[in-house]
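Below is one structure, written out as structure tokens, with a few remarks after it.
Quick note: the coordinates plus some simple rules give every number you see, no bench work behind them. From a predicted model like this one, the values you see are computed outputs, not experimental measurements. Cβ atoms come from the backbone with ideal geometry, glycine included; neighbour counts cover every protein chain shown.
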Amino acid sequence: MSVLKKHDINEHIINKQGYSRCYVAIGSNLADPVAQAKEAITALETLTASRFISVSSLYASKPMGPQEQPDYINAVACIDTCLAPIELLDALQQIENEQGRVRKEHWGARTLDLDILLYGDEIMSTPRLTVPHYGMKEREFVLYPLAEIAPQLQLPCGQALSVLLEDCPRNDLAIYQNTK
């Protein structure tokens, strides 16, 4: 009899059920950011091999990095997907490209940014993808929208989302528009 490690058990559960629960951050500050975010949500609702579960309100936030850029509109969506992590990343980057994303400057202004925050209970780091997202634990524009749709969430490391929120100031983050 072989012993299954936690990772193997997660893979077994994913393969048996066929879907992994994923959270995707949505951000935009160019070319009508509200319309960009809503178009991205629509694209996520019809994503191949996936089921759209929910989306947070749209939030207004100050930019990270260079401050000489417009404020952002942010949200977090929840999907269940059969796509492998890299396949999901490719699909999200295709949506970004279709909405005019040009990669010029790190933390610079953008029409659309879609980031995989969590992919099931996976912990992975490759040259193209790190899950959980490397900055999610400190970013108010990720944590508060995520808490809106998954208040009881526990990260793969075992840390509760509610604990992260206790140490994360809102930094003028505000609900811009309810998406429900």
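Worth a mention:
- Springs join every pair of Cα atoms under 10 Å in this Gaussian network model of the chain, and among SER57, SER20, SER125 the largest mean-square fluctuation is at SER125.
- Ordered from longest to shortest, the equivalent ellipsoid semi-axes for the chain are 27, 19, 15 Å, each the square root of 5 times a Cα gyration tensor eigenvalue.
- Förster-model FRET efficiency, 25 Å R0, GLN177 and MET64, C-beta, rounded to 0.05: 0.75
- 14 Å beta-carbon shell around LEU88, net charge (K/R +1, D/E -1): -3
- Ranked list, fewest to most other Cβ atoms within 10 Å of each Cβ, for VAL76, VAL163, VAL131: VAL163, VAL131, VAL76
- Net charge of neighbours whose Cβ lies under 15 Å from the Cβ of GLN159, counting Lys and Arg as +1 and Asp and Glu as -1: -2
- Footprinting exposure proxy for GLU148, GLU96 (fewest neighbouring C-beta atoms within 10 Å first): GLU148, GLU96
- Charge dipole magnitude, Cβ of K and R +1, D and E -1 - the chain, Cα centre, debye nearest 20: 220
- Radius 11 Å from Cβ of ALA43, net charge of other residues (Lys, Arg +1; Asp, Glu -1): -3
- Relative to the longest principal axis of the Cα atoms of the chain, the long axis of helix 85-98 makes an angle of roughly 20 degrees.
- Per-pair calculated FRET efficiency, R0 = 30 Å: ALA35 and LEU165 via Cβ, rounded to 0.05: 0.55
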